[in-house]
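A.B. asks: Have a look at the structure that comes next, please.
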Amino acid sequence: MKRYNMIELINTIEINPLKYSKEDFELPEIANYPDPEEYFLKFTETASRLTLNFNEIRKGSSLVNIENIDDESLEIIVAAKLSEVEFDDPDERGFVLSFDGGIVLKKDDEVLIQPSCCGDLENIENWEKVTENRASGWGEIWIGHPWVFYKRENGMISFSEYTEANINEVKDVKTKFGVEESEFKDELDKVIQHQIHFKNRVLNILKKMNIDNAEKISEFMSGIK
């Protein structure tokens, strides 16, 4: 009998391939391809013509595992991100927001939690709080909006459906699924190390480009020190 890994946490960033292309392309509209399989094939066909190489975490997603981004593609992504840096403003010099994206949680190879709107790499801090929180009730993980609730109990961590409700306003939180706390901690340690490695890769690129405040900018971009 095949044994699946129970859970997997993945660091991802959100990539729109058009943002990094030097050519004029138009991605297919999802409304024109109601069949997800057909849309994915069309999307992949178009994206394959771009200069950026990537593989989404699942069909139709724009989230990419940071461990799967090659050096050439990462240089293109970092260069595009630098366009957001206000180098000439003394109050904002070197400040840039983290890459959009965040942690994806898969269980038995199925994506159960992924970053929402306004989620970014810095949200890894919120996942760390899951194992640090000693409260017995439900808490909130900010992954963008909508977000999810979690609860630690008897060596298990339970997660809710996506929600935009305040935790204090919900009287009866429903559990969507649960994972073993020990396994979750192991996976969390793994993605923390992956994110630190990603920061170091970004730092090397910034140094290669002779960017001032490279260390600080790499921390901002990667969402971790």
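A.B. asks: Filtering segment 136-182 down to residues that are acidic (Asp, Glu) and under 18 Å from GLN114 (Cα atoms), which residue is least open to solvent (accessible area, probe 1.4 Å)?
C.D. replies: In this case the residue turns out to be GLU140.
A.B. asks: I've got another one for you. Could you list, in sequence order, the residues of segment 41-58 that are modelled with pLDDT under 65 and under 20 Å from ASP120 (Cβ atoms)?
C.D. replies: Those that are modelled with pLDDT under 65 and under 20 Å from ASP120 (Cβ atoms): LEU52, PHE54.
A.B. asks: Moving on. Which of the residues belonging to segment 157-200 are touching a helix residue (DSSP H, G or I) at 6+ places or on another chain (Cβ under 6 Å), among the charged types (D, E, K, R) and farther than 15 Å from ILE7 by Cβ?
C.D. replies: Scanning segment 157-200 gives a single hit, LYS199.
A.B. asks: Counting only residues that are out of contact with any Lys or Arg (no Cβ under 9 Å at 6 or more places or on another chain) and part of a strand (DSSP E or B), which one in segment 111-134 is surrounded by the fewest Cβ atoms within 10 Å (Cβ to Cβ)?
C.D. replies: If we take residues in segment 111-134 being out of contact with any Lys or Arg (no Cβ under 9 Å at 6 or more places or on another chain) and part of a strand (DSSP E or B), then CYS117 is surrounded by the fewest Cβ atoms within 10 Å (Cβ to Cβ).
A.B. asks: I want to confirm something. Restricting to segment 93-110 and keeping residues that are in a loop (DSSP other than H, G, I, E, B) and open to solvent by 80 Å² or more (accessible area, probe 1.4 Å), which single residue is modelled with the lowest pLDDT?
C.D. replies: Out of the qualifying residues, it is ARG93.
A.B. asks: Pull up segment 184-215, narrow it to residues that are open to solvent by 90 Å² or more (accessible area, probe 1.4 Å) and not acidic (Asp, Glu), then point me to the one that is nearest to LEU105 (Cα to Cα).
C.D. replies: GLN193
A.B. asks: Name the residue that is nearest to SER116 (Cα to Cα), counting only residues in segment 59-72 that are modelled with pLDDT of 85 or more and surrounded by 16 or more Cβ atoms within 10 Å (Cβ to Cβ).
C.D. replies: LEU63
A.B. asks: Within segment 171-225, how many residues turn out to be acidic (Asp, Glu) and in a loop (DSSP other than H, G, I, E, B)?
C.D. replies: Total satisfying the criteria: 2.
The values are calculated or read from the model by the stated rules, or taken from the named source; none is laboratory data. All values derive from a computational prediction rather than experimental measurement. When we count neighbours, we look across all protein chains shown, and the Cβ atoms used for this are built from the backbone with ideal geometry, even at glycine. Accessible surface is based on the protein model in full, side chains and every heavy atom, while ligands, DNA and RNA are left aside. Shrake-Rupley method; radii C 1.70, N 1.55, O 1.52, S 1.80 Å.
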